[in-house]
2 protein chains.
Amino acid sequence: MTQSDQPVLIAGKWRAAIQPTGSFQAANPTTGQMLPISYPISGREEVIEAVEAAHQAAQILRTTAPEKIAAFLDRFADLIEGQRESLIDSAYQESGLPREPRLKGETSRTTNQLRQAAQAAREDSWTNPVIDSKLNIRSILAPLGGAVVVFGPNNFPFAFNSISGGDFAAAIASRNPVIAKANPAHPGTTFLLAQLAFQAVQETGLPEATIQLIYHFENSIGLELVSHPLIGATGFTGSRAAGLKLKEAADRVGKPIYLEMSSVNPVFMLRGALEERLEALAGEYFTSCTLESGQFCTNPGLVILPESPQAEAFIQATKERFTNAQPGVLLGEKVVTGLVEALKTLTEAGAEVITGGHPIDGGGYRFANTLLRVDGERFLRHAKELQAEAFGPVGLFILARDEQQILEIANQLEGNLTGTIYSHTSGKDDAFYQRLEPLLRQRVGRLLNDKMPTGVAVSPAMQHGGPFPSTGHPGFTSVGIPASIRRFTTLHSYDNVRPARHPLELQNPNPTGRLWRLIDGDLSQADVPDNN
Amino acid sequence: MTQSDQPVLIAGKWRAAIQPTGSFQAANPTTGQMLPISYPISGREEVIEAVEAAHQAAQILRTTAPEKIAAFLDRFADLIEGQRESLIDSAYQESGLPREPRLKGETSRTTNQLRQAAQAAREDSWTNPVIDSKLNIRSILAPLGGAVVVFGPNNFPFAFNSISGGDFAAAIASRNPVIAKANPAHPGTTFLLAQLAFQAVQETGLPEATIQLIYHFENSIGLELVSHPLIGATGFTGSRAAGLKLKEAADRVGKPIYLEMSSVNPVFMLRGALEERLEALAGEYFTSCTLESGQFCTNPGLVILPESPQAEAFIQATKERFTNAQPGVLLGEKVVTGLVEALKTLTEAGAEVITGGHPIDGGGYRFANTLLRVDGERFLRHAKELQAEAFGPVGLFILARDEQQILEIANQLEGNLTGTIYSHTSGKDDAFYQRLEPLLRQRVGRLLNDKMPTGVAVSPAMQHGGPFPSTGHPGFTSVGIPASIRRFTTLHSYDNVRPARHPLELQNPNPTGRLWRLIDGDLSQADVPDNN
């Protein structure tokens, strides 16, 4: 490490890292060159200091007025908008993602999400108050009382950033401090965001350790962090390998950890859909699978097709698009090596490359737009290997002999974030849909019709989650407010507690006049009569 | 095993166990004699068969009409009432718990709970429908699509029984099949309950594998069961050692598991409360701690007192009650050996026995009503050992030097189901309450004032759960409807799905006319207009 390493944000101070174990730089993916600024790899002492400072802050935050939390989230969104250009410059340098529409759109998504979180904090409905006035037992979802540790992924420098993204917004809305672990692919963008977040913390008078920033640490420290007695929970978005290690450490001591790991997002193209609109489907698939080089958690990596001339024509039409399109820049060298490895796994298990299949030389990180195919029988024999995630512009077609085999394939799918069925618009496929849907439904968090899964709307009805191994628990989502907030809460019951000692949400008067509460079995916005 | 072993209930058939690995009998705790009836220890093949049959049943149940589920739960409650006398006879023989008021009261609690679950199934509000009509994204909490495996504890032969208790009711209300693993302390009662449940299944036309019963299996099979790909989740109430092993197995493969393990349920008696009403407090404490031999998850095992003449008088008054009362019967030999072990741990760590401290000879399972004491300083030095759960009529008093030490003790408490503060009724202790409450609040699921924790009301506002290690996740409760139901659901989102393909709860018309849905951000019982 050097004097010139960027500072960390610990316990309300921007400062040089204490006893760092090294330093690192991010690369510019467009050129493959290292960027000039270096960042420290924090040591154990620093991380523990952050945990303790967050725990102190949590003691204040847990009873901070909702309006103050909301003011912070709104102010932070304003500050991001004010610095949008420099943020986009930084993210472009570090990610190679297109400035427009992608990075610009992502800043809007991020500020929109922060403002939705502000609104949820203000409404306070995430607290889900329940009042049994007869027995005087009252319950509420409460803050965790310790840090929410957030590990952000490489592919969304804003909307999933550990200091501005969905986990961050959900954790803060529910009055928890955040320890942000930057993704090492975009430390500079994370630093800029943290500066703005910290400015908003100071302006709105939250405890200074409400947000803290560490760029990197060794794996063993990560395991200690997610299992530390003083933290509240962890939100992680990233690779399955890293996620499972953190999960094991957290599970062992009963610390909640919410993981979004890997997903191949199967798409079923039913016979009628192919007969009806194969060119359109080829276009949709191409766009979704190669959009920003396919680096989405919900990238449609697996397509199940019935063996037929139409399927062959679909494959041909898709192949042409994949082959003719210019491969985009990938987020980092690890993405390239991950793709090489995934291609090896897929081809060794019997998938044949139709187009692409290799990295592209000539500066920066690139991989050819790639399609593979395999027949249903072979897929069923190697179902595990052939569901290896290839994070990038890669799709695998499975050609199924008949409807029965399509169902067998569906039955072999691992847990995924999404699953999609395209069918004939006038109902020709409906009988088969009815057989397929239950199998797919139970293996995915979000089921789609006639639409590619790559758009993840910030909607209250979103499930950006799914059965293991796409996440660690099928009942939670990392996108969508207020549902995503629930992850960072704990259920507190008050039994025979004296009136003035209840949190405001549980006292007899409705604290906002509008808060919905379950009072004696009925949802109500009324006060509880004072004889209770 | 013998021909005369009782039958298991697998895949809709009462039958002799297939390839059992042994058999066992329960004991009559009052005499210590084995009861004559023997039960099989099921082998792996039988357990896997149950998993597969449940998975098949789950495929039907997940779309079964709420009314049909409700009818089953109501009918089962009726049948229990019809057989109440024989059920109580059986439970008395196997548990030694008093017929009245305890076992009779427990049957009422059980049927009440089943009927509350029926009502929740009928109302369907546990599905928590969310509709974003602009984007046509809709979400719902859905059944898990596989068995909920329920391990019941020894101490509630009805209300927490794996085939009639809280986990059972919650799992069925959310349309999941149940594989009940009987507690080996009361297999006969469980057998009787399963007969009634199965009769109700048949009468109401649910899939026959909706409920299945296994009495016992080797530990390794339990680990395989809770991690089987075809199960949905597990509900466990029992010892920490067994719970943690099951948790590890389930966590490794991302299968939800909800555990209620151990808890010492700290009670803080503040100075003013002791000054005001120490005799009354001694009476309350004695009653709660020795009620039915103290065999409650929420038994108040730890009492924190400020060093004072009043505290000494309280201890003296409590001691007299403990010493003079006749020790009750314990549930089994394991409870006695567990108490001997716990007493060893506590005394080796420095706790002094005030009264009791030993098993009682002369037939049946009994242990002397026991009190111990330790000073605050020693507690702080051996906080882990001195929080060992002594499941039975045992209380440990901690004498704290001053208020600061009381706070330090609170800071060392593990996660507990409950925490209680007794304070002066006219507010004399309020300043200290304000300092103590935040520390205790964050370490317990249910916070009580001026009331012992042993009553666990089946209330919507109940939290019968808490931070690890009292449970595995602080956000869930095993008692209280509808909250307890949430454990056995998964979050399903529908994105751009065609109208008729939605589950009823997400279609535009309100399915019951009364179901609350979050529609475009507002809670509503209205239909969604059909242009959406």
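The values are calculated or read from the model by the stated rules, or taken from the named source; none is laboratory data. Values in this document were obtained by computation on a predicted structure and should not be read as measured data. Heads up, the Cβs are rebuilt from the backbone with ideal geometry, glycines too, and the neighbour counts pull from every protein chain shown. SASA here: full protein model, heavy atoms, side chains in, ligands and nucleic acids out. Shrake-Rupley method; radii C 1.70, N 1.55, O 1.52, S 1.80 Å.
Mind checking which residues of the range B:484-501 are at the interface with another protein chain (Cβ under 10 Å from one of its Cβ atoms) and in contact (Cβ under 8 Å) with a residue 60 or more places away in the chain?
Matches in the range B:484-501: B:486, B:487, B:488, B:489, B:490, B:491, B:492, B:493, B:494, B:495, B:496, B:497.
Given the condition over 29 Å from residue B:335 (Cβ atoms) and surrounded by fewer than 21 Cβ atoms within 10 Å (Cβ to Cβ), answer yes or no: does some residue in the range B:94-115 qualify?
The answer is yes, given that some residue of the range B:94-115 is over 29 Å from residue B:335 (Cβ atoms) and surrounded by fewer than 21 Cβ atoms within 10 Å (Cβ to Cβ).
If you scan the range B:245-280, which residues turn out to be surrounded by fewer than 23 Cβ atoms within 10 Å (Cβ to Cβ) and of a type in the set (Lys, Arg)?
B:245, B:252, B:271, B:277, listed by residue number.
Can you find, within the range B:284-318, the residue that is surrounded by the most Cβ atoms within 10 Å (Cβ to Cβ) among those that are in contact with a helix residue (DSSP H, G or I) (Cβ under 7 Å, 6 or more places away or on another chain) and of a type in the set (Gly, Ala, Ser)?
Filtering the range B:284-318 for residues that are in contact with a helix residue (DSSP H, G or I) (Cβ under 7 Å, 6 or more places away or on another chain) and of a type in the set (Gly, Ala, Ser), the one surrounded by the most Cβ atoms within 10 Å (Cβ to Cβ) comes out as B:311.
Residue B:153 is checked against (1) assigned to a helix (DSSP H, G or I); (2) more than 14 Å from chain A (Cβ to nearest Cβ) and fails just one. What number does that condition carry?
(1)
Which members of the range A:123-144 meet the condition of being out of contact with any Leu (no Cβ under 8 Å at 6 or more places or on another chain), at the interface with another protein chain (Cβ under 7 Å from one of its Cβ atoms) and either open to solvent by less than 10 Å² (accessible area, probe 1.4 Å) or closer than 20 Å to residue A:482 by Cβ (or both)?
Selection gives A:137 alone.
State all residues of the range B:427-452 that are in contact with an Asp or Glu (Cβ under 8 Å, 6 or more places away or on another chain) and polar (S, T, N, Q); if no residue qualifies, say none.
B:449
Just the residues that are among the acidic types (Asp, Glu) and facing another protein chain (nearest Cβ under 10 Å), please, taken from the range B:502-521.
The one that is among the acidic types (Asp, Glu) and facing another protein chain (nearest Cβ under 10 Å): B:520.
Which residue pairs have Cβ atoms closer than 8 Å, lie 6 or more positions apart in sequence or on different chains, and pair a first residue in the range B:298-325 that is over 16 Å from residue B:374 (Cα atoms) with a second residue that is exposed (fewer than 15 other Cβ atoms within 10 Å of the Cβ) and among the charged types (D, E, K, R)?
Close Cβ pairs (under 8 Å, with a partner that is exposed (fewer than 15 other Cβ atoms within 10 Å of the Cβ) and among the charged types (D, E, K, R)) amount to B:310/B:275; B:317/B:279.
Within the range A:191-234, restricting attention to residues that are of a type in the set (D, E, K, R) and more than 24 Å from residue A:65 (Cα to Cα), which residue is most open to solvent (accessible area, probe 1.4 Å)?
Selected residue: A:218.
Of the residues A:40, A:36, A:7, which single one is open to solvent by 30 Å² or more (accessible area, probe 1.4 Å) and under 17 Å from residue A:195 (Cβ atoms)?
Unique residue meeting the criteria: A:7.
I'd like to check something: does the range B:163-178 contain any residue that is open to solvent by 20 Å² or more (accessible area, probe 1.4 Å) and not charged (D, E, K, R)?
no
Which one of these is buried (at least 16 other Cβ atoms within 10 Å of the Cβ), closer than 20 Å to residue A:419 by Cβ and at pLDDT 95 or above: A:339, A:343, A:372, A:330? So that I can check it myself, show each step before the final result.
Values: A:339 fails: closer than 20 Å to residue A:419 by Cβ; A:343 fails: closer than 20 Å to residue A:419 by Cβ; A:330 fails: closer than 20 Å to residue A:419 by Cβ.
Sole residue among the options that is buried (at least 16 other Cβ atoms within 10 Å of the Cβ), closer than 20 Å to residue A:419 by Cβ and at pLDDT 95 or above: A:372.
Take residue B:527 and decide whether it is in contact (Cβ under 8 Å) with a residue 12 or more places away in the chain, acidic (Asp, Glu) and either more than 8 Å from every other protein chain (Cβ to nearest Cβ) or on the phi < 0 side of the Ramachandran plot (or both).
Taking the combined requirement at face value, the residue satisfies it.
Only one of these conditions is not met by residue A:259: (1) aliphatic (A, V, I, L, M); (2) in contact with a helix residue (DSSP H, G or I) (Cβ under 9 Å, 6 or more places away or on another chain); (3) over 17 Å from residue B:253 (Cβ atoms). Which number is it?
The one condition residue A:259 does not meet is (3).
When you go through B:67, B:85 one by one, which is the residue that is surrounded by fewer than 24 Cβ atoms within 10 Å (Cβ to Cβ), without any contact (Cβ under 8 Å) to a residue 12 or more places away in the chain and either among the basic types (Lys, Arg) or not in a loop (DSSP other than H, G, I, E, B) (or both)? Break it down stepwise before answering.
Values: B:67 fails: without any contact (Cβ under 8 Å) to a residue 12 or more places away in the chain.
The unique qualifying residue is B:85.
Which of the numbered conditions does residue A:435 fail, given that it passes all the others? Conditions: (1) facing another protein chain (nearest Cβ under 10 Å); (2) more than 22 Å from residue B:481 (Cβ to Cβ).
(1)
All but one of (1) in contact with a Phe, Trp or Tyr (Cβ under 9 Å, 6 or more places away or on another chain); (2) facing another protein chain (nearest Cβ under 10 Å) hold for residue A:430; which doesn't?
(1)
Being at pLDDT below 95 and in contact with a Lys or Arg (Cβ under 8 Å, 6 or more places away or on another chain) is the filter here, so list the residues in the range A:1-18 that pass it.
none
Run residue B:466 past the list (1) within 30 Å of residue B:241 (Cβ to Cβ); (2) more than 9 Å from every other protein chain (Cβ to nearest Cβ) and report the number of the one that doesn't hold.
So residue B:466 meets the others, but not (2).
Give the residue, chosen from B:62, B:75, that is within 14 Å of chain A (Cβ to nearest Cβ), touching a residue at least 12 places away in the same chain (Cβ under 8 Å) and closer than 20 Å to residue B:208 by Cβ.
B:62
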